[in-house]
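Written below as structure tokens is the structure these notes are about.
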Amino acid sequence: MSERGNEQVGVGIVGCGVISDIYLKNCTTRYESVRVVGCADLVVERAREQASKYGVEALTVDELLSHPEVELVLNLTVPAAHAEVALAAVASGKSIYNEKPLTVSAEDGRTLLEQAAAKGVRVGAAPDTFLGGGLQTVRGLLDGGAIGEPVAAAIAFYSHGMENWHRDPYFFFQPGAGPLFDMGPYYLTALTSMLGPVRRVAATARASFPERRITSESKRGQKIPVNTPTHIVATLDFAAGPLASLAASFDVWETTHATLVIYGSEGTLALPDPNTFGGPVRLLRAGGKEWEEQPLTHDFTDNSRGIGVADMASAMREGRPHRASGEMAYHVLEVMHGCLESSLAGQHIELESRFDRPAALPRD
Ligand SMILES: NC(=O)c1ccc[n+]([C@@H]2O[C@H](COP(=O)([O-])OP(=O)(O)OC[C@H]3O[C@@H](n4cnc5c(N)ncnc54)[C@H](O)[C@@H]3O)[C@@H](O)[C@H]2O)c1
């Protein structure tokens, strides 16, 4: 237990866009380990709107980073700003929790971990869906031997992109996003949090279409240049042995085909959508023909975004490792960069980073 005991950790939120609503809602009403001090955005009006909606202070980014009551900065900016905002927070002596991906470049991710270690502050990162009731149920089944020894896994995320619903979808088609960096973290974090680190990857990737046309309301008709691969197929060799396949696309019209499966020596687990916190969790036993839906063993099955921040805040007070760690997020970043690098090089890429598998959440 730290000298500050159970005192709530003061949180400052930078980035008041689409995803900030659920974080502000959950962090101001649901999680006792945190107290949202204020929020900031480059667009001052957005910070003011969110501040008045959730009863927190509207601040400039500089005010937030120097605020004495802010111990932890929650960075909900677009991927291109993740590193800059996070490094500034660390330089101000604050712990940082970034939305995904941790940073755009792997180099920035490494620098962030190094600078945070030098300053004695923590780095955490989304996604935290692996702490939801659905994926924690899977974790319990795996650790309890329900499918024996894990042998393989499969990730398939197929869609036709974000330009039909997001108010400002430009960033989804730039480096740091695309289906791999935008959706991949959910799938990869779910698997790595359970199976541990990946040893090497091989992949092939391309952008099937050089530009996209926005069909969502506010910017309807505008074109977006595509500057990152939008269809990726890959293989991942986990250090512990299992081999996984990965497909991620913003280029195809099949929208029902999203899959996350872990295959074991004694059965198969069909995982819930890792972009959600609930179920269903389904088990097929060796030799069986019927999938059995498993009862969920853990709470946090609704939209619990921010649970990773709340766990990080408790961990700061309890002096234990937090679960949604910067090290795991950096490893996921290295896996994703490894995929793009492999596609360009036409060969396997060996990965260097490792992390400790996060502790399972207790049932209560
Ligand atoms: N939209 C979603 O459904 C969703 C879901 C999960 C995660 N995320 C992640 O959350 C992050 C934000 O996504 P979003 O959809 O809310 O984007 P958004 O564009 O709606 O909001 C981002 C906000 O950050 C602000 N911003 C950008 N650079 C800044 C800077 N340097 N300093 C201060 N503010 C800055 C922008 O003005 C904007 O208001 C991304 O990393 C994304 O991957 C989004």
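Looking across the range 59-76 at every residue that is closer than 24 Å to A324 by Cα and more than 15 Å from the ligand (Cβ to nearest atom), the one that is farthest from the chain's Cα centre (by Cα) is identified as E69.
When the range 250-288 is filtered for residues that are at pLDDT below 95 and outside any loop (DSSP other than H, G, I, E, B), the ones remaining, listed by number, are A258, T259.
Listed here are the residues, each with its yes/no results for (1) in contact with a Ser or Thr (Cβ under 9 Å, 6 or more places away or on another chain); (2) within 9 Å of the ligand (Cβ to nearest atom).
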| position | (1), (2) |
| --- | --- |
| P179 | yes, no |
| Y186 | yes, yes |
| A190 | yes, no |
| M194 | no, no |
| A202 | yes, no |
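The one condition from (1) more than 16 Å from the ligand (Cβ to nearest atom); (2) surrounded by fewer than 24 Cβ atoms within 10 Å (Cβ to Cβ); (3) of a type in the set (A, V, I, L, M) that M162 does not meet is (1). Note on the range 6-53: residues that are buried (at least 23 other Cβ atoms within 10 Å of the Cβ), within 22 Å of the chain's Cα centre (by Cα) and assigned to a helix (DSSP H, G or I) amount to 4. Just so you know, in the range 283-308 the residues that are in contact (Cβ under 8 Å) with a residue 12 or more places away in the chain, in contact with a strand residue (DSSP E or B) (Cβ under 8 Å, 6 or more places away or on another chain) and surrounded by fewer than 17 Cβ atoms within 10 Å (Cβ to Cβ) include one that is nearest to D128 (Cα to Cα), and it is E293. Of all residues in the range 65-117, those that are of a type in the set (A, V, I, L, M, F, W, C) and over 29 Å from E7 (Cα atoms) total 5.
Going through (1) farther than 17 Å from E334 by Cβ; (2) in contact with a Leu (Cβ under 9 Å, 6 or more places away or on another chain) one by one, P229 falls short only on (1). Any residue at all in the range 118-128 that's buried (at least 21 other Cβ atoms within 10 Å of the Cβ), more than 22 Å from L180 (Cα to Cα) and small (G, A, S)? No, there is no match, as no residue in the range 118-128 is buried (at least 21 other Cβ atoms within 10 Å of the Cβ), more than 22 Å from L180 (Cα to Cα) and small (G, A, S). Checked across the range 138-157, the condition of being more than 17 Å from the chain's Cα centre (by Cα) and crowded, with 24+ Cβ neighbours inside 10 Å holds for at least one residue. Being more than 9 Å from the ligand (Cβ to nearest atom) and free of Cβ contacts under 8 Å to residues at least 24 places away in the same chain is a property that V36 lacks.
The values are calculated or read from the model by the stated rules, or taken from the named source; none is laboratory data. All values reported here derive from a predicted model rather than from experimental measurement. Neighbour counts are summed over all protein chains in view; Cβ atoms, including those assigned to glycine, are modelled from backbone coordinates with ideal geometry.
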